[in-house]
Amino acid sequence: MLLENFNSAPREEAVAVVKPALDIARWIDAIVDGRPYQSVDQIVAAAATVAAPLTEAEIDGALAHHPRIGEKPQGDTAEAAHSRREQPGVDADAAAALAAGNKAYEEKFDRVYLVRAAGRSAEEILALLQERLGNTPEQEFAVVDQQLREIAALRLTGALES
């Protein structure tokens, strides 16, 4: 959608464009209510800061739309389609390492491991996973908030054009 069309769209239509980027009502409201934007860069900058920090309930709700890294996203939702485009293909060794890492992460943090996968190789994603396993729950909570926002920014960039 053209940015000028997004800026002038009825609220429901603008929400429909933004929601697949990050399905958190408070964030969506802030982005939609922040219209008009002068550029895609301006809305991406807003995505990084509005509704900050996210709450634990908001993060848990958003993570429900993200598959485990290394697993094929299921369904025909916009979120699943985004995930299929964003996650790199992995070979059998990387898939096994990601499965083991996902299990360790979920045991430690009680949530799915989330990372902005777009533009990263399986090796980079695995290295970040190992690094993040050393985080405290508080540190990791902040990292997940940041990762959700990076993913949202990429998705908004893909959904809007100047």
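Distance between the 7 Å Cα→Cβ label points at D33 and A96: 5.2 nm. When the chain is treated as a GNM with alpha-carbon contacts under 10 Å, the residue of D60, D23, D110 showing the greatest mean-square fluctuation is D110.
Subtracting the Cα-Cα distance of A25 and Q146 from 0.36 nm times their residue separation leaves 41.9 nm of extension gain. Helical content of the chain, expressed as a calculated mean residue ellipticity at 222 nm, amounts to -19000 deg cm²/dmol (DSSP H runs of 4 or more residues, -39,500 (n - 2.57) each, divided by residue number, nearest 500).
Gain on full extension, evaluated as 0.36 nm per residue between E107 and L2 minus their Cα-Cα distance, stands at 33.5 nm.
For the chain, what's the relative contact order in percent, using C-alpha pairs closer than 8 Å and at least 6 residues apart? Reported as a whole number, the value is 33 percent. Of the DSSP H helices in the chain, not one has a Cα length along its own long axis of 18 Å or more together with a mean Kyte-Doolittle hydropathy reaching 0.0. For the options D91, D29, D41, a Gaussian network treatment of the chain with springs between C-alpha atoms closer than 10 Å singles out D91 as fluctuating the most. Approximating the spin labels as points 7 Å out from Cα along Cα→Cβ, the E13-to-N135 distance works out to 3.8 nm. Given R0 = 35 Å, the distance between the Cβ atoms of A127 and T49 translates into a calculated FRET efficiency of 0.80.
The numbers here are math on the coordinates, done by the rules we state, and not lab data. Bear in mind the structure is a predicted one, so any value in this text is a computation, not a measurement. Cβ: placed from backbone, ideal geometry, glycine included. Neighbour counts: every protein chain shown.
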